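One structure, pasted below without further comment.
Derivation of every value follows stated rules applied to the coordinates shown; laboratory data play no part. All of these numbers come straight from a predicted model, not from anything done at the bench. In this analysis, Cβ positions are derived from the backbone assuming ideal geometry, glycine residues included, and neighbour counts consider all displayed protein chains.
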Amino acid sequence: MSAQEQKLYALTGLFEKPEEILHAADTARKRYRKFDAHTPYPLHGLDDAMGLGESGMGWLTLIIGTTCMLLMLSFIAWVSLVDYPNVWAGKPYFSLPGYIPILFEVLVLTGAVGTVLILFLIVSGFPRNNHPLHDTAYMQRTSDDMFGLCIEAADERFEEVSAREMLENLGAKTIIPVYYDVKEARSGLSLANPLFLGFAVVVAITVSGAGYFGLNRMVFMPPFNWMSVQPRAVAQETKMVFKDQRSMQQPVDYTIPRGYLPETFGKDQADEMGKYLVNPLPQSQEIFELGKEKYESRCSVCHGYYAQGDGRLPADVGLNGLSLHSPKVAEQWTDGRIYHVMTYGQNLMPGYAKQLTRDERWAVIHYIRALQRSLNPKESDMQ
Amino acid sequence: MQVAKKPNTLPDGHPDFSVQPSVVLKQPTLHDITEVISRPIETKATLKWYIAFAFSVALLMVELVGWGISFYYGTGMWGNNVPVAWAFPIVNFVFWIGIGHAGTLISAILFLFRQKWRNGIARFAEAMTIFAVMCAGLFPLFHTGRPFLPLYLMPYPNKHAVWVNFLSPLVWDVFAVSTYFTVSLFFWYTGLIPDFATLRDRTLGKDMVSKIRKTIYSVLSLGWRFSNRHWRHYERVYLILAGLSTPLVLSVHTIVSFDFAVSGLPGWHTTIFPPYFVAGAIFSGFAMVVTMLVFIRYIFDMQHLIPIDTLEKMNKIILLTGTLVGYAYGMEFFIAWYSGNLIEQFTFINRAFGPYAFAYWVMISCNVISPQMFWFRKLRRSVPIMFVISIFVNIGMWFERYVITVTSLARDFLPSSWGWYNPTLVDFMLLLGSFGMFFTLTLLFVKFMPVVSIAEVKSVMDGAQVHHHHEEDPVDTEATIIGGQPA
């Protein structure tokens, strides 16, 4: 480096004691505007000595944090009221107490990160590693154990002789002029720098390529796709898992479903059923109502609303049920015999065990008995 | 490598850097502090460090194998299954998050309370926070079963036209833990910048390694110049970060406890959970800091940097929080009885005397009984005793999360849906291995970064601040970290 390229940046003085730098800063303030103090640690009182006011960073945090929090709140409100309204846990669509944790975290996150980024990137002008003070003996001492006062040559009242004189009078142990390279000072960050452009292109290609690969290719490769191709047992499939080639095990013998009881008598035991089974249900209002409901939905189609064999199907279909008022049904058959027909069917009539539970069948029988009696009342009913 | 041997070109005859630091001085100079803290970074690591590092990396390998198995074959390799669907992963997650909280407590809350003894350990504790949160975060990520799709945790516009449920504690958790990690990282890095700048200015060698180091420090320090025009904003920002981190640390473990407390499970659905979890987190975190500090002190011969007084103060906090946690255990039982809820009562009797009773009594003896020894000054100041007790506390606090998670899930309302939990080998690999990750990161940090904040320690030294404006508030010289003795 030749001396022609160098320009004076500042005249700096190093002090040993914190009291000295406070006094020096106070003195420098009265003569110069472009000056700075450099200390290895934040020294209390130096702000006042340099004539700097309170730092306003706290307001910045407050503004950033509350703004982002309100933005988040309006985003959540839009999601939960407009775009994706859902009732979750019985809460209203917009349930502010449940959003407070998220809002608080957003406040802290944006407040802290925003403040730090603004402090370093904007207020301090970082990253900057080409400042004239870098790599000087002055900086090496102020970062370690001495207190420095730096008077910049750019100040309009700067004169090298008088500034040196002032530093000497203030008791500076060492006075170091700091020069800077004019060319180097101009070599800041430039968006047109080919190195930077190349780097940006590489980053852009890498990020978009990785994103495309991750979301459109990778998730369809093993092991990422194992959620959709995982081995699983399908009912009725005959290839795997158990010795007998089934994929679902058969229940052990005599297993019955919950709430299910087998019928006491089989399909060919109509007479035994008629002889041994009695209607277990009481003749109560609810039972008759249940029987009426079930009769009208299941039986009346063929047998008619009054069990007279006049169902609503057209006659040529040939499915009109028999009248249940015939002497056979009304007088000879017991409740158990009717139950047999309802359970297993007879002639064209299918069994209704699938459609009606036991109790419903017995309730229907009660209702049929009531219908029979209504068309053929006894003497005692005629009052 | 030649580092900072004779950088001094000043003609003033000030003592140059090659002079051995005089740490035993009652009145260390500013240069001594720079020297003491920077020397471990600039010199070769000791044999003790290499042994510890080899051991940690071996454990880390165990964890990596465990994560590899879990990633390739899926979470079926773990022991958790219905009804105990949350087992080791959640236990480890809460355990590590809790450990992280001590770091924030030391760096932020004690900063706000102007506890100067914190300056010696704050940086280290903050680093521990970050590493612990890193260890913690892997567990829920893998527990989702699709660790390659973490994007789904965030509310982002997607073609499924689905948004996250903002009322779910699990979504709160995503926000809380990611915020906590980010803010802790920024807090830590903000504190590190001036120290990186000091290291940058000390690295003056002309060989390749020194140049690489200097480049790294220059990049990391962002070009910090120790300018007072920067310091004044910097200090305010540091205060703001401390002020923001303090409610943050409370909110994070409150939200972690909401994962349990907002559900309807007996033993989880209690309002004591947030304060109880926060106290437990500070308790386990301080125990972990003590364990690590005793260890690091030994490995790096840093007895002068981390004096016994600091450790004693930490033991007092362990005693306080341990007793708080013991109170919470008792209060849980009381409320179970007082509520008159039979299922709640059964849950707590089942915890203490049921099939998982061993875990409960390990928890009680480690967490409630062992810290009571710290009532005695001699035991508080004994390094072996505090090392053993802090490890007991770590074990006990891990079992606390195990008891809460597993016993409540294994036996809830219907006896027909009760179950049993057996961890698998992979579960244990991940648990042990997460310690490996933690130790490895900590050892790397201690070797390559200033383990004590240089600027902060200088600022609280005797005579560092000018006090003619504040005569009534003299600096407590005993509290400065060097020597920990009255000047």
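Sort B:180, B:329 by Cβ crowding within 10 Å, fewest neighbours at the top. Spell out each step's value before the answer.
Working: B:180 30, B:329 22.
Neighbour counts put them in this order, fewest first: B:329, B:180.
Continuing with the same structure: Dimensions of chain A along principal axes (Cα, Å, largest first)?
Extents along the principal axes, in whole Å: 139, 59, 41.
Starting from the Cα of residue B:458, draw a straight line to each of the lysines and keep only those under 16 Å, dropping any in the same chain fewer than 8 residues away.
List returned: A:17, B:26, B:116.
Straight-line reach only, C-alpha to C-alpha below 16 angstrom: list the lysines that residue A:354 could link to, leaving out same-chain residues fewer than 8 apart.
Residue A:354 reaches A:267, A:294.
Work out the P(r) tail for region A:227-383: percent of alpha carbon pairs separated by more than 20 Å, whole number.
Tail fraction, whole percent: 60.
With Kirkwood's inverse mean 1/r over C-alpha pairs for Rh, give me the Rg to Rh ratio of chain B, two decimals please.
1.00
Related question: What FRET efficiency, computed as 1/(1 + (r/R0)^6) with R0 = 45 Å and r the Cβ-Cβ distance, is obtained for residue A:33 and residue B:207, rounded to the nearest 0.05?
0.60
In µm²/s, what is D for the protein assembly as shown at 25 °C and 0.890 mPa s, where D = kT/(6 pi eta Rh) by Stokes-Einstein and Rh is the Kirkwood radius from Cα pairs?
Estimated via Stokes-Einstein, D reaches 73 µm²/s.
What are the radius of gyration and Dmax of region B:217-314, computed over its Cα atoms and given in Å?
My reading of the Cα-based Rg and Dmax gives 19.7, 58 Å.
How high is the relative contact order of chain A, in percent, with contacts defined as C-alpha pairs under 8 Å that are six or more residues apart? Could you put the intermediate results ahead of the total?
Details: 398 pairs, mean separation 68.9, N = 383.
So the answer I get is 18 percent.
What number, rounded to the nearest 500 deg cm²/dmol, is the helix-based mean residue ellipticity at 222 nm of chain A, given -39500 (n - 2.57) per DSSP H run of at least four residues and division by all its residues? List each step's numbers first, then the result.
On the way: 14 runs with 157 residues, N = 383.
Calculated at 222 nm, the ellipticity per residue is -12500 deg cm²/dmol.
Give, rounded to the nearest 20 debye, the magnitude of the charge dipole that the protein assembly as shown has about its Cα centre when Lys and Arg contribute +1 at Cβ and Asp and Glu contribute -1 at Cβ.
Rounded to the nearest 20 debye, it is 1400 debye.
With θ taken as phi - 60° and the coefficients 6.51, -1.76 and 1.60, list the Karplus ³J(HN,Hα) couplings across region B:383-400 in order, rounded to whole Hz; mark glycine and proline as x.
5, x, 4, 5, 5, 5, 5, 5, 5, 4, 5, 4, 4, x, 6, 5, 5, 4
Hey, another quick one. Specify the angular offset, from 0 to 90 degrees and rounded to the nearest 10, of the alpha carbon long axis of helix A:160-170 from the longest principal axis of the alpha carbons in chain A.
For helix A:160-170, the angle is close to 80 degrees.
Taking amide hydrogens as modeled 1.01 Å from N in the peptide plane, which residues meet the under 5 Å criterion relative to residue A:174, leaving out close sequence neighbours?
HN-HN under 5 Å from residue A:174: A:14.
Moving on to the next point. Going by how many other beta carbons lie within 10 Å of each one, how would you line up A:360, A:296, fewest first? Before the final figure, lay out each step's value.
Working: A:360 20, A:296 13.
Fewest to most other Cβ atoms nearby, the residues stand as A:296, A:360.
What net charge is computed for the residues neighbouring residue B:254, neighbours being all others with C-beta under 14 Å from the C-beta of residue B:254, Lys and Arg scored +1, Asp and Glu -1?
Summing Lys/Arg as +1 and Asp/Glu as -1 gives -3.
Full extension from residue A:220 to residue A:82: what is 0.36 nm times the residue separation minus their Cα-Cα distance, to one decimal in nm?
Here the answer is 46.3 nm.
Now for a separate question. Summing Lys, Arg as +1 and Asp, Glu as -1, what charge do residues with Cβ under 13 Å from the Cβ of residue B:434 carry, residue B:434 excluded?
Charge balance in the 13 Å sphere: -2.
Between residue B:298 and residue B:369, what is 0.36 nm times their sequence separation minus the Cα-Cα distance? Round to one decimal in nm.
Fully extending the segment from residue B:298 to residue B:369 adds 22.8 nm.
Moving on. Order of A:297, B:56 from fewest to most other C-beta atoms within 10 Å?
A:297, B:56
A follow-up question, please. Translational D (Stokes-Einstein, µm²/s) of region B:121-242 at 37 °C and 0.692 mPa s when Rh comes from the Kirkwood sum over C-alpha pairs?
186
Please compute the contact order of region B:203-318 in relative form: average sequence separation of alpha-carbon pairs under 8 Å and at least six residues apart, divided by the residue count, as a percent.
So the answer I get is 14 percent.
In whole Hz, what ³J(HN,Hα) sequence does region B:310-322 give by Karplus (6.51, -1.76, 1.60; θ = phi - 60°), x for Gly and Pro?
Per residue, the Karplus-derived 3J(HN,Hα) values read 4, 4, 5, 5, 5, 5, 5, 5, 4, 4, 4, 5, x Hz.
In addition: For the pairs B:214/B:447; A:275/A:378; A:91/B:159; B:48/B:378, flag any whose C-alpha to C-alpha distance is greater than 21 Å.
A:275/A:378; A:91/B:159; B:48/B:378
Per-residue HN-Hα couplings for region A:22-27, Karplus 6.51 cos²θ - 1.76 cosθ + 1.60 at θ = phi - 60°, whole Hz, x for Gly and Pro?
Using θ = phi - 60°, the values come out as 4, 5, 5, 5, 5, 5 Hz.
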